[in-house]
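What follows draws every value from the coordinates through simple rules; no lab data is involved. Being a predicted model, the structure only gives us computed values, none of them experimental. Positions of Cβ are backbone-derived with ideal geometry, glycine not excepted, and every protein chain shown enters the neighbour counts.
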Amino acid sequence: MTALGAVFRPQLPPERLRALACLADDTGLDELWLWEDCFLEGGISTAAAALAWTERVRVGVGLLPVPLRNVAVTAMETATLHRMFPGRAVVGVGHGVQDWMGQVGARAESPVTLLREYLTALRALLRGERVSTDGRYVRLDGVALDWPPLEPAEVLAGVTGPRSLRLSGEAADGTVLTAATPPDGVRRARRLIDEGRAAAGRTGPHRVVVYLLTATGPDASARLRAELAAEGLGDVPGLGVAGHAADVAGAVGRLVEAGADSVVLQPTADEPDPEGFVRFAAERVRPLVS
């Protein structure tokens, strides 16, 4: 069955998270996703709080920018979430927005090289291995977690370009695609991911998570058009959905048909009722999604 989620956008103040997380949990939404956008809210801190406040909903971080975080710290924090909340934490990592990385003095000359080294080391640490590596960016000397996850912990990569999508297939357990990805883009991403998987001889499952920019209510179409235009995406066909539950479920279905395993409804930045949006996703859209 397709997993359906919603985004808690970090443009909302952190103190709004508890109510939305509990609502997602109570109404039966499958997943709640959080962002670590600079310079708004921390991904691990918000995920830990949301998991502690809830009982069943999965909480995803999409994504942690790897130039900001030593891989050993990411492994420690990820493992801790998995030990405390088994089966409910999902962590994605990625290049980060390069302008933001430059602002904090962490911009990498080769983001793809960094992500490759990072994914390899992070997944090995989470498997409980002792890791020594002397890469261009990632250097570890006999590092092993004292408290690795008790069960396999998937690591997703949030990527967009062809080289990075192939890398995700080679070195990650899943891929997070932005709301700038229409159904045809999901198909292209799946092909590139599969090329990477084949090159690495990987045959296990690879989960694809896609954000879907979503607006509902009387002014939904106008809000959707305005946000797409503001992001420079107004001329891209097939992006986003505005309308009632059936319209949204149809858009979800098209992404699933294209290769998505999880679809995460992303409200517009000016969504007037975030709690109502979560309730709409869980109570009206979820029953229409198979």
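Data for the structure
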item: Other-chain or far-sequence residues with amide H under 5 Å of residue 61's (modelled H); result: 34, 90, 91, 92
item: Sorted by Cβ density within 10 Å, fewest first, the residues 150, 192; result: 150, 192
item: Square roots of 5 times each gyration tensor eigenvalue, C-alpha, the chain, largest first, Å; result: 30, 21, 18
item: Sorted peptide list for 102-110, 244-252, criterion being average Cβ within 10 angstrom, highest first; result: 244-252, 102-110
item: Placed amide H near residue 264: partners under 5 Å, 5+ positions off or other chain; result: 5, 210, 211, 212
item: Cα-based equivalent ellipsoid, segment 60-191: semi-axes from gyration tensor eigenvalues, Å; result: 23, 18, 13
item: Sequence-distant residues sharing a close amide H with residue 176 (under 5 Å, placed H); result: 157, 158, 159, 209
item: Cβ crowding within 10 Å averaged over residues, with 227-233, 29-35 ranked highest first; result: 29-35, 227-233
item: Which of 132, 164, 290 has the fewest Cβ neighbours within 10 Å, and the rest in rising order; result: 290, 132, 164
item: Charge dipole (segment 18-110, unit charges on Cβ, about Cα centre) - positive-most of 80, 91, 20; result: 80
item: Beta bridges by DSSP in the chain, antiparallel share as percent, to the nearest 5; result: 10
item: Gyration tensor verdict on segment 3-94 (Cα atoms; rounded if a/c is under 1.5, prolate if a/b is larger than b/c, oblate otherwise); result: oblate
